[in-house]
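Each value in this text was obtained by applying a stated rule to the coordinates, not by laboratory testing. Since the structure is predicted, the reported quantities are computational estimates derived from the model, not experimental observations. Neighbour counts are summed over all protein chains in view; Cβ atoms, including those assigned to glycine, are modelled from backbone coordinates with ideal geometry.
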Amino acid sequence: MKISNLDMSYMDKVLTMIPNRKLILWGAGWYVKSFIENYCGSGKLLPMPYGVCDSTRVISESEIAGVPVIAFSDVTNMSPDETAIIMTAGLIDLMAKVVPNELYYFPIYHRRTFEAYAYIKQNLDLCDAAISLLADENSKYIYRRKISNMITGSFWDQSLYEGNAYFGNDLIDKIPPDGQFVFAGAFNGKHIIRALKNTPDVKVTAFEPSSLWYSRLVEKFSDNPNIKIHNNILWDDFRQLPFEEDESNSGLTAHVTMNGASTKTCMVDTITIDEVSKNQRVSHIALDVEGSEQLAVKGAVGTILRDHPSMCLCLYHTYDDYFNLPILVNDIAKGSYKLYVKQHSCISAIETVLYAV
């Protein structure tokens, strides 16, 4: 089973059609500028857009990355036969606005489709190498179906769903009790609560860079000496990084802002798993760190080689993670892990997890 033999003729036709239409980017959040810079313009995957619009707020700028800002009402009055729309924000929230705004006759795509297509076209050998490392046919099917869903825009796929992310499933039932459970991306603490139900005496070392959620987690688990919360970013070295807390969205898309795309940042210290665990055994690691998973793993090489912990690593934040994380884990551990993939959401674009057991 390979990624390179996916049928991408549908996208080939889309990319032939778009240059003959007015291209609209719908959603002017933090991501749109980098999307324009990476994918739009002469010699790139897409032409320069006709305009950027937003249906949730008034945009103060007159242009973004050289693309004019236009009113959403102007878009709804355009001809579906002369327009193509790419959603550059959200996964399903903008989809809910299609019918009320009578956009259902327009060709509408999501940015993730173009990102997936571009990455796979440029990295065919890498993609095939990654899927070949998976230990069973079901994992390979889920993995390949996920990528296919991204390319075709099938962002809801209940057929892949399995519950019990990170533990309590057929790969990892009980959290191993003979060491620390290192968990990054602690967010609102829901998975720590699950961990306590799974293994009441579990020892958790958790990381949450958001000052808002960090303070709430410290308060929530203050009476449990087995739960330690760190206000750090997991990385492969020690530095300070700008971090967007995403308060307007309750921290759901909080992230490191290395490219300076956001001005609403705070500086957060990084730390490595190896540093935190140098005097204690680690039995299980789960990482949901918004695209920093590879760096966090590189900062845990000593721990992985010493303790051989089971690991659950989110794959879905970047396409580079989908393909390089399995290869990275396999290389570090010299093939001593069996690798599996599970899908823990009906929204197929998120909650895809690599298991190393």
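Sequence-ordered 3J(HN,Hα) estimates for the range 235-240 from the Karplus curve with 6.51, -1.76 and 1.60 and θ = phi - 60° stand at 8, 9, 7, 10, 6, 10 Hz, glycine and proline given as x.
Take the alpha carbon gyration tensor of the range 258-357, find the square roots of its eigenvalues, order them as a ≥ b ≥ c, and report rounded if a/c is under 1.5; if not, report prolate when a/b exceeds b/c, else oblate. In terms of gyration-tensor shape, oblate.
Place a label point 7 angstrom from the Cα of Arg281 along the Cα-to-Cβ direction, then list the residues of the range 180-214 whose backbone nitrogen is under 17 Å away. Correct set: 180-182, 201-205.
Here the range 22-106 is described by how far its Cα atoms reach on the three principal axes: 34, 27, 23 Å, from widest to narrowest. If r is the Cβ-Cβ distance from Ser42 to Thr257 and R0 is 30 Å, what FRET efficiency results, to the nearest 0.05? About 0.65, to the nearest 0.05.
In terms of its C-alpha gyration tensor, the range 129-178 comes out oblate, because a/c is 1.5 or above while a/b does not outweigh b/c. The angle between the Cα long axis of helix 111-122 and the main principal axis of the chain comes to about 80°, on a 0 to 90 degree scale. Put in line by how crowded their Cβ is, counting other Cβ atoms within 10 Å and starting with the fewest, His344, His284 read His344, His284. Amide H contacts under 5 Å for Ile64: Val69, restricted to partners 5 or more places along the chain or on a different chain, H placed in the peptide plane at 1.01 Å from N. Per-residue 3J(HN,Hα) values for the range 40-56, derived from phi via the Karplus relation 6.51 cos²θ - 1.76 cosθ + 1.60 with θ = phi - 60°, read 10, x, 4, x, 9, 4, 10, x, 5, x, 6, x, 10, 9, 9, 9, 10 Hz in sequence order (x marks Gly and Pro). Estimated purely from DSSP H runs of n ≥ 4, each contributing -39500 (n - 2.57), the mean residue ellipticity at 222 nm for the chain is -8500 deg cm²/dmol once divided by its residues.
The string of couplings for the range 20-28 from the Karplus curve (6.51, -1.76, 1.60, θ = phi - 60°) is 8, 10, 7, 8, 10, 9, 9, x, 9 Hz, one whole number per residue in order, with x for Gly and Pro. Computing FRET efficiency as 1/(1 + (r/R0)^6) for Tyr105 and Thr16, where r is the C-beta to C-beta distance and R0 is 25 Å, gives about 0.80. Close amide H pairs (under 5 Å, H built 1.01 Å from N) link Glu162 with Gln343, His344, Ser345, residues at least 5 positions away or on another chain. Helix 319-332 axis versus longest C-alpha principal axis of the chain: approximately 30°, rounded to the nearest ten.
Full extension of the chain segment joining Leu124 with Lys190 gains 20.0 nm, where the gain is 0.36 nm per residue of separation less the Cα-Cα distance.
If you model the chain as an ellipsoid using its alpha carbon gyration tensor, with each semi-axis the square root of five times an eigenvalue, the axes come out at 37, 24, 18 Å, biggest first. Note on Lys334 and Asp136: their simple-model spin labels are 2.8 nm apart, each label 7 Å out from Cα toward Cβ. In this structure, the residue pairs whose Cα-Cα separation is over 31 Å, taken from Lys33/Lys334; Lys33/Lys140; Lys97/Lys228; Lys44/Lys97; Lys140/Lys334, are Lys33/Lys334; Lys33/Lys140; Lys97/Lys228.
Here's how it looks for Gly41: its modeled amide H is under 5 Å from those of Leu46, Met48, which are all 5 or more places away or on a different chain.
Put in line by how crowded their Cβ is, counting other Cβ atoms within 10 Å and starting with the fewest, Ser42, Ser277 read Ser42, Ser277.
Treating the beta-carbon of each Lys and Arg as +1 and of each Asp and Glu as -1, no other charges, what is the dipole magnitude of the range 275-357 about its Cα centre, to the nearest 20 debye? Display every interim value, and only then the final one.
Working: 7 positive and 9 negative charges, 89 e Å.
The calculated dipole for the range 275-357 is roughly 420 debye.
When you restrict to C-alpha pairs under 8 Å that are six or more residues apart and normalise by the size of the range 78-174, the relative contact order lands at 25 percent. Ranking Ile86, Ser55, Tyr141 by how far each Cα lies toward the positive end of the dipole of the chain (charges on Cβ) leaves Tyr141 at the top. In the chain, Cα pairs under 8 Å separated by at least six residues give a relative contact order of 16 percent.
Over the range 22-106, what is the mean sequence separation of C-alpha contacts under 8 Å (at least six apart), divided by residue count, expressed as relative contact order in percent? Could the numbers behind the result be given before it?
On the way: 118 pairs, mean separation 31.1, N = 85.
RCO, the range 22-106: 37 percent.
Among Thr352, Thr318, Thr56, the ranking by other beta carbons within 10 Å of each residue's beta carbon, starting with the fewest, stands as Thr56, Thr318, Thr352.
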